[in-house]
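Report on the structure given below.
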Amino acid sequence: IFKDFVSCSVEFLFDRVLESVQVIAKVHKVDIYFKGIEGVYVKGDEMGLFRLFLNLVENAIKYNKEGGRVDVNVQSSGDMVEISIKDTGIGIPEKDIGRIFERFYRVDRARSRQTGGTGLGLSIVKHLVQAHHGIISVTSVVNEGSCFTVFLPSDSPFSHQR
């Protein structure tokens, strides 16, 4: 899918993502909090990683409650970078969690029509994560929110030290 991976600053990517979602967050009355550490890099396609994180943050806003919150947390542990996007939204029923990464699958068709969802977003996210040699997982509780966690190989200088 991507030819040339480069070293990408996770902080820089999220600066761009958060700038891109400011208006939609205001409209939905959702606050976004970013907690990261400087100097965390992943190897990848910058535009692909931007689209990956933008999709997850937009979903966390769109499927949230008015006055809700989105927490983005970045941690680095050795060879992997862990990025979690947690919301206080409507959540995903347990019976749907296993299918949300399928193309065209929508948990709530009525809500998807309201928000303009096509059912492709999370499928694209999954493919982007896989193209970057990563893993994605999700936990969710209906009416409490969801947490999408992406693990990507680190390209941070300290990840190469042993």
If ligands, DNA and RNA are left out, what is the accessible area of L18 with a 1.4 Å probe, given in Å² to the nearest 10?
40
Pairs from K3/K126; K3/K86; K3/K26; K29/K86; K29/K95 whose Cα-Cα separation, in the structure shown, is over 27 Å:
K3/K86; K3/K26; K29/K95
Net charge contributed by nearby residues that have their C-beta within less than 10 Å of K29 (K/R +1, D/E -1)
0
Can you give the local net charge around T139? Use residues other than it whose beta-carbon is closer than 12 angstrom to its beta-carbon, Lys and Arg +1, Asp and Glu -1.
-2
Can you give the local net charge around F50? Use residues other than it whose beta-carbon is closer than 15 angstrom to its beta-carbon, Lys and Arg +1, Asp and Glu -1.
-3
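The values are calculated or read from the model by the stated rules, or taken from the named source; none is laboratory data. From a predicted model like this one, the values you see are computed outputs, not experimental measurements. Using ideal geometry, Cβ is built from the backbone for each residue, glycine included, and neighbour counts are taken over all protein chains shown. These area figures cover heavy atoms from the full protein model, side chains too; ligands, DNA and RNA do not enter into them. Shrake-Rupley method; radii C 1.70, N 1.55, O 1.52, S 1.80 Å.
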